[in-house]
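**Q** Quick one: structure below, then a few questions.
The values are calculated or read from the model by the stated rules, or taken from the named source; none is laboratory data. Bear in mind the structure is a predicted one, so any value in this text is a computation, not a measurement. Every residue, glycine as well, gets a Cβ built from its backbone with ideal geometry; the counts of neighbours run over all protein chains shown. Keep in mind that these areas ignore ligands, DNA and RNA; they rest on the heavy atoms of the full protein, side chains included. Shrake-Rupley method; radii C 1.70, N 1.55, O 1.52, S 1.80 Å.
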Amino acid sequence: MKRICMMEDIPEREARSFETEDGDTIFITQRDGAFFAYQNLCPHLQVELEFLENQFLDRDQEFIECSTHGALFDVETGLCISGPCQGDSLEKVQIQVHSDGGIYLETEQE
Ligand code: FES
């Protein structure tokens, strides 16, 4: 289990991207005090979601948005609710929040 950041690094309704040891890019966002992490890959064309650094949410900070064609994804489930890949989902990354305030990545060996 690897600590990727601290809770305070990801304010409510914001998102941050991180590189994992495997070379994947993931992002973590906070909604209503809970944290959600996904692979930074749009299911439409397998491209990264953001044009600007850490800009993963739409203007209202309500949904995750792909900046290429504007697909919108539910923050809690990663399901695409609008756009060319409607019905597909972002790939969820398993994380755990520990009492030290750290957000940890669950690695496959565990
Ligand atoms: S690449 Fe994301 S919506 Fe087309």
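**Q** Filter the stretch 33-49 for residues that are within 25 Å of G83 (Cα to Cα), out of contact with any Asp or Glu (no Cβ under 6 Å at 6 or more places or on another chain) and not in a strand (DSSP E or B) and give the result.
**A** L41, C42, H44, L45, Q46, V47, E48, L49, listed by residue number.
**Q** Follow-up question, since we're still on this one. Restricting to the stretch 2-16, give me the number of residues that are part of a strand (DSSP E or B) and either open to solvent by 70 Å² or more (accessible area, probe 1.4 Å) or in contact with an Asp or Glu (Cβ under 7 Å, 6 or more places away or on another chain) (or both). Write out each step before concluding.
**A** Within the stretch 2-16, the first condition is being part of a strand (DSSP E or B), and the residues that meet it are 2-6, 12, 15-16.
In the following step, the residues that additionally are either open to solvent by 70 Å² or more (accessible area, probe 1.4 Å) or in contact with an Asp or Glu (Cβ under 7 Å, 6 or more places away or on another chain) (or both) were identified as 2-3, 12, 16.
Summing the residues that are part of a strand (DSSP E or B) and either open to solvent by 70 Å² or more (accessible area, probe 1.4 Å) or in contact with an Asp or Glu (Cβ under 7 Å, 6 or more places away or on another chain) (or both) in the stretch 2-16 gives 4.
**Q** Any residue in the stretch 89-101 that is open to solvent by 90 Å² or more (accessible area, probe 1.4 Å) sitting within a Cβ distance under 9 Å of a residue that is in a loop (DSSP other than H, G, I, E, B)? List the pairs, counting only those 6 or more apart or interchain.
**A** E91/L41; E91/P43; E91/G78; K92/T77; K92/G78; Q94/E106
**Q** A follow-up question, please. Mind checking which residues of the stretch 69-92 are more than 15 Å from the ligand (Cβ to nearest atom) and more than 21 Å from F51 (Cα to Cα)?
**A** Restricting attention to the stretch 69-92, the residues satisfying the condition of being more than 15 Å from the ligand (Cβ to nearest atom) are 75-77, 92.
E76, T77, listed by residue number.
**Q** On to the next question. I'd like to check something: does the stretch 71-82 contain any residue that is open to solvent by less than 40 Å² (accessible area, probe 1.4 Å), over 28 Å from M1 (Cβ atoms) and part of a strand (DSSP E or B)?
**A** Taking every residue of the stretch 71-82 in turn, at least one turns out to be open to solvent by less than 40 Å² (accessible area, probe 1.4 Å), over 28 Å from M1 (Cβ atoms) and part of a strand (DSSP E or B).
**Q** Further question on the same structure: Could you look through the stretch 17-47, keep only residues that are under 17 Å from R3 (Cα atoms) and within 15 Å of the ligand (Cβ to nearest atom), and pick out the one that is surrounded by the most Cβ atoms within 10 Å (Cβ to Cβ)?
**A** Let us first name the residues in the stretch 17-47 that are under 17 Å from R3 (Cα atoms), namely 17-30, 34-39.
If we keep only those that are within 15 Å of the ligand (Cβ to nearest atom) too, we end up with 25, 27, 38-39.
Numbers: T25: 14, F27: 23, Y38: 21, Q39: 19.
So the residue we want is F27.
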